[in-house]
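> I'd like to ask you about the structure that follows.
The values are calculated or read from the model by the stated rules, or taken from the named source; none is laboratory data. Worth saying up front: this structure is predicted, and the values here are computed from it rather than measured. Note that each Cβ is placed from the backbone with ideal geometry, even for glycine, and that neighbours are counted across all protein chains shown.
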Amino acid sequence: MQKKMTKVRVRFAPSPTGPLHIGGGRTALYNYLFAKKHNGNLILRIEDTDQSRYVDGAEEYIVNSLQWCGIKFDEGPINGGDFGPYKQSQRKDIYKKYAEFLVDNDKAYYAFDTKEELEEMRVRMKKAGVASPQYNSITRESMRNSISLSEDEVQKRIQENQKYVIRLKIPRNEEVKINDLVRGWVVVNTNNIDDKVIFKSDGMPTYHLANVVDDYLMKITHVIRGEEWLPSAPLHVLLYKYLGWESKQPKFAHLPLILKPDGNGKLSKRDGDRLGFPVFPLNWTNPETKEISLGYKEGGYFPEAFINMLAFLGWNPGTPQELFSLNDLCKTFSLERVGRSGAKFDFDKTKWYNQQYLRSKTKTELAEILQVLLKENNINADINYVANVCEQLKERATFVKDMWDEGKYFFQQPRLYDEKTIRKKWKDNTHVILNELRLEISKIEKFTSEEIETVFKQFLESNKIKMGVLLPVFRLSLTGLGMGPSLFNIAELIGKKETLSRIDIAIKKIKK
Ligand code: GLU
């Protein structure tokens, strides 16, 4: 008989302590891709046990960002599911019994130490030559906890409502082994782990306990998260063991760090500010300082470009193909092809992706986006006209906004004329020649790009004028610029009347 495969269940578990950044977005994306690839479920779980770090609006921001990226959840605070609630603050009552279970089984203990006492211990240990003092198998004996105190004393303190935390009793000198799906075997000696607080005096679990309990209760099969959580993994493995859930322990995959474009550190918001690129998917307003950080969406990026870029931060398909839709990624992605070494963030590459996706859009799709910008600039243009303009400009643009910045002349007369072109190309007799050209153009009946080009070339020939002499000033008259897409196409699009009128205006306005 064939063994029944366990359904893949993965989760994205952000803490609402701020906006989602590039790293968080990539973690969510990889979880999504992994779930889709294996016909599994993706769960959104909000890890908000640390109320002191809660940031207003962060949760909503995270949800909106993921939605913009096209990452959909099968279960979560919004769409519900069989394993809810999906916000840890609403699961408060669940965790205590697991912490107590660990205490009862001698795997955890109550600790009553005050802040001052903890500090005293640190000072004492430092004096004794310990570089980074820890609450562990050595120091716990000298502290105030249910290991060092008599049982009566412990009971008394609890009855007196003295504040206590629950700490995990990390054994001395044991090896914890994790077979990470990205990093291979990771072995950590317990001497390097301190007796972590798993339950706080405010009645809330810490991240470690809540995370493990929820992963277990939500039947998570794979934990895919950033490398910054690797140091916590041995502790989590111990928790699975002590809670008797070893056989249900999920597989771990720790994703490589995302590094700043220059240097080796982790990419931070400061790098974005310093080098001028967004690090958040959407605009984020810091609720305290009111400072606004630009998002990719508002910066004119397509979500397809953003996720394609994210996918390649640590993963590659093993082929030269670089453009992957979300759908393609769902099929191609695998954890085996996630690298171990840090992935350098490359902003130019992000722009390149945007350019590629812009080119792949139809002129109508682009026109709909450009139309919004035009309206903001009080320009009312027919959508078919806008679509034709997009067709002319799309090869030269990285963002839809570029089509407005560089193609304003499609919608309004030039206000300024490029100085450099005037200096180089506008001669004393230019207005005379342009006037003669105007006359020829005015005779064209079918005002198409081909006709205009033919007439223009005939004019050059019969007057023995070089292309390089007349074309730039003709362009200058129609667009105000020294460069751009095919001028004959431009003339056809703006139409005969407008073309003639712009020549007239240029002759009047541009004086040598
Ligand atoms: N709440 C943690 C975070 O903010 C989740 C880490 C994990 O996935 O285990 O990233």
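> Residues being assigned to a helix (DSSP H, G or I), surrounded by 16 or more Cβ atoms within 10 Å (Cβ to Cβ) and out of contact with any Pro (no Cβ under 8 Å at 6 or more places or on another chain): count how many of those fall in the stretch 411-454.
Residues in the stretch 411-454 being assigned to a helix (DSSP H, G or I), surrounded by 16 or more Cβ atoms within 10 Å (Cβ to Cβ) and out of contact with any Pro (no Cβ under 8 Å at 6 or more places or on another chain): 11 in total.
> Sort through GLU246, GLU298 and tell me the only one that's touching a helix residue (DSSP H, G or I) at 6+ places or on another chain (Cβ under 8 Å) and of a type in the set (Asp, Glu).
On the way: GLU298 fails: touching a helix residue (DSSP H, G or I) at 6+ places or on another chain (Cβ under 8 Å).
Unique residue meeting the criteria: GLU246.
> A follow-up question, please. Please list, ordered by first then second residue, the pairs with beta carbon atoms under 7 Å, 6 or more apart or interchain, first in the stretch 398-411 and of a type in the set (A, V, I, L, M), second part of a loop (DSSP other than H, G, I, E, B).
As it stands, the answer is VAL400/GLY300; MET403/ALA397, since those pairs meet every condition given.
> Quick check on PHE459: is it in contact with an Asp or Glu (Cβ under 7 Å, 6 or more places away or on another chain), surrounded by 15 or more Cβ atoms within 10 Å (Cβ to Cβ) and aromatic (Phe, Trp, Tyr)?
For PHE459, the condition - in contact with an Asp or Glu (Cβ under 7 Å, 6 or more places away or on another chain), surrounded by 15 or more Cβ atoms within 10 Å (Cβ to Cβ) and aromatic (Phe, Trp, Tyr) - is met.
> Sticking with this structure for a sec: Tell me, yes or no, whether the stretch 337-346 has at least one residue that is of a type in the set (Phe, Trp, Tyr) and in a helix (DSSP H, G or I).
no
> For the stretch 4-20: of the residues being β-branched (Val, Ile, Thr) and within 14 Å of the ligand (Cβ to nearest atom), which is surrounded by the most Cβ atoms within 10 Å (Cβ to Cβ)?
VAL10
> Give me a count of the residues in the stretch 53-72 that are more than 21 Å from PRO85 (Cβ to Cβ) and of a type in the set (Gly, Ala, Ser).
Adding up the residues that qualify gives 2.
> Please go through the stretch 396-444 and give me each residue that is among the polar types (S, T, N, Q), under 17 Å from ILE465 (Cβ atoms) and under 52 Å from the mean Cα position of the chain (by Cα), ordered by number.
If the condition is that a residue be among the polar types (S, T, N, Q), under 17 Å from ILE465 (Cβ atoms) and under 52 Å from the mean Cα position of the chain (by Cα), then THR421 is the only one that fits.
> Could I ask something else about it? Could you tell me whether the stretch 109-123 includes any residue that is polar (S, T, N, Q), within 16 Å of VAL154 (Cα to Cα) and not in a helix (DSSP H, G or I)?
Yes, because at least one residue in the stretch 109-123 is polar (S, T, N, Q), within 16 Å of VAL154 (Cα to Cα) and not in a helix (DSSP H, G or I).
> I want to confirm something. Restricting to the stretch 189-217 and keeping residues that are touching a Phe, Trp or Tyr at 6+ places or on another chain (Cβ under 8 Å), aliphatic (A, V, I, L, M) and closer than 18 Å to LYS169 by Cβ, which single residue is nearest to the ligand (Cβ to nearest atom)?
VAL212
> Can you name the residue in the stretch 21-44 that is modelled with pLDDT of 95 or more and assigned to a loop (DSSP other than H, G, I, E, B) and is also nearest to the ligand (Cβ to nearest atom) among such residues?
GLY40
> Which pairs have Cβ atoms under 7 Å, sit 6 or more apart or on different chains, and link a residue in the stretch 213-239 that is farther than 17 Å from ARG11 by Cα to one that is among the polar types (S, T, N, Q) and more than 11 Å from the ligand (Cβ to nearest atom)?
Short answer, once both residue conditions are applied: VAL237/GLN249.
> So ILE220 passes all but one of these: (1) assigned to a loop (DSSP other than H, G, I, E, B); (2) away from the ligand (no atom under 12 Å from the Cβ); (3) within 29 Å of the chain's Cα centre (by Cα). Which condition number does it fail?
Just one mismatch for ILE220, condition (2).
> On to the next question. So which residues in the stretch 478-506 are within 15 Å of SER442 (Cα to Cα), of a type outside the set (A, V, I, L, M) and assigned to a helix (DSSP H, G or I)?
Residues satisfying the conditions are PHE488, GLU492, LYS496, LYS497, GLU498, THR499, SER501, ARG502, ASP504.
> Right, next: Tally the residues that are more than 29 Å from THR289 (Cα to Cα) and in a strand (DSSP E or B), restricting the search to the stretch 45-81.
Number of matching residues: 3.
> Being in a helix (DSSP H, G or I) and within 15 Å of the ligand (Cβ to nearest atom) is the filter; apply it to the stretch 239-261 and report the residue that is farthest from ARG337 (Cα to Cα).
LEU239
> What are the residues in the stretch 82-92 that are at pLDDT 95 or above, of a type in the set (D, E, K, R) and outside any loop (DSSP other than H, G, I, E, B), if any?
Result: LYS87, single match.
> Please name all residue pairs, on different chains or six or more residues apart, with Cβ atoms under 8 Å, provided the first residue is in the stretch 68-95 and is within 19 Å of ALA35 (Cα to Cα) and the second residue is surrounded by fewer than 15 Cβ atoms within 10 Å (Cβ to Cβ) and among the small types (Gly, Ala, Ser).
Matching pairs, first to second residue: TYR86/GLY80.
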